[in-house]
Amino acid sequence: MLYSPIMLMRGLGLIAMLGATLQTAYPMQDIAAGGKLYAAHCAACHGQNGEGGRGARLTTLTRAPDNESLFNVIQKGIPGTEMPVAPLNDREIRDVVVFVRGLQSDFAPQVAAGSARGERIYRKSGCAQCHAIGPEGGVLGPDLSSIGRSRVPDYLRRALLDPEADIPDSFGQYRWTIVVPDNFLQVRATTLDGRQITGARVNEDPFSIQMRDRAGQVYSFWKEELKELHRDWGKSPMPSYKDKLTAAEIEDLVSYLSSLRGSR
């Protein structure tokens with residue numbers, strides 16, 4: 001097919017207009033600056049390319065669908081999670097927003113197919129005793145209904161083989177609200193009358209603590225009512241499946257978990 005000079009000029013003009021529009025929306029210097037800030041402040045939790053890890057996957061954000069909401073999340077953090085207030089000024093936060101949006105545009109979503117084998121392994125391994133998918137399952141551990149949206153396969157595989165790998169050893173900054181899925185902490189309490197209770201911390205403030213045991217029962221104590229209170233930083237009641245499942249079974253289970261995106 002032959003193109004006339006007029007058609008070629010029009011095509012080049014459209015390309016130039018598109019390039020100018022993109023450069024106006026996302027100046028290259030902002031993207032580069034945002035990339036450096038992201039690497040310094042965000043990559044440790046969210047992955048070098050936003051693939052996720054201890055922090056959420058950033059290539060498919062659902063909590064912050066637009067630039068303003070993403071700006072607010074970075075600026076204010078997310079109460080009850082490990083997402084802190086960013087030590088950045090407004091210009092730096094805008095640069096990070098531009099960089100993260102670029103990660104999303106470069107990402108081609110690949111939805112895991114899952115497998116019937118993986119679901120059977122999930123059920124036979126007792127995962128549902130502590131974890132919920134939809135309305136079914138336990139409440140001690142994180143809800144897994146949409147775990148495939150926020151965690152990549154490598155993270156899920158590591159969690160199955162070494163459950164304590166990504167549980168923080170401590171918190172450098174006090175959070176007023178502690179939410180189990182993001183700030184899991186096992187605690188052991190001994191009351192003044194000698195009762196011993198082990199469970200997951202649900203909430204805590206300077207004067208009281210609420211915890212949930214394996215059976216799902218919630219306890220609330222004034223700290224003055226407790227003889228002892230131990231926080232098992234970096235510990236998890238979840239067993240390692242390294243010696244409980246074969247390598248193939250681990251991969252089937254990871255595939256199944258990766259397919260959970262809140263539609264079940």
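The values are calculated or read from the model by the stated rules, or taken from the named source; none is laboratory data. Just so we're clear, the structure is a prediction, and the values are computed from it rather than from any experiment. So basically every Cβ, Gly included, is an ideal-geometry build from the backbone, and we count neighbours across all protein chains shown. We work out accessible area using only protein heavy atoms, side chains counted, and drop any ligands, DNA or RNA first. Shrake-Rupley method; radii C 1.70, N 1.55, O 1.52, S 1.80 Å.
Some notes on this structure:
- Chain lengthening between LYS76 and TRP222 when straightened (0.36 nm per residue, less Cα-Cα): 49.6 nm
- Surface composition of segment 53-97: carbon and sulfur make up 52 percent of the accessible area, probe 1.4 Å.
- Nonlocal amide H pairs with VAL202, under 5 Å, H built at 1.01 Å: GLN210, MET211, ARG212
- Stretching ASN89 away from ARG54 to a fully extended chain increases their span by 10.2 nm, per 0.36 nm per residue minus the current alpha-carbon distance.
- The residues of segment 181-251 present an accessible area of 59 Å² per residue when probed at 1.4 Å with all protein chains retained.
- Lysines whose Cα lies under 28 Å from that of LYS223, excluding same-chain neighbours fewer than 8 positions away: LYS235
- Among the protein heavy atoms of segment 202-255, carbon and sulfur supply 50% of the accessible surface, probe 1.4 Å, non-protein parts ignored.
- Spin-label pair LEU192/GLN104, simplified geometry with 7 Å Cα→Cβ offset, distance in nm: 5.3 nm
- Separation of the GLU164 and PHE207 label points, Cα + 7 Å toward Cβ, nm: 3.5 nm
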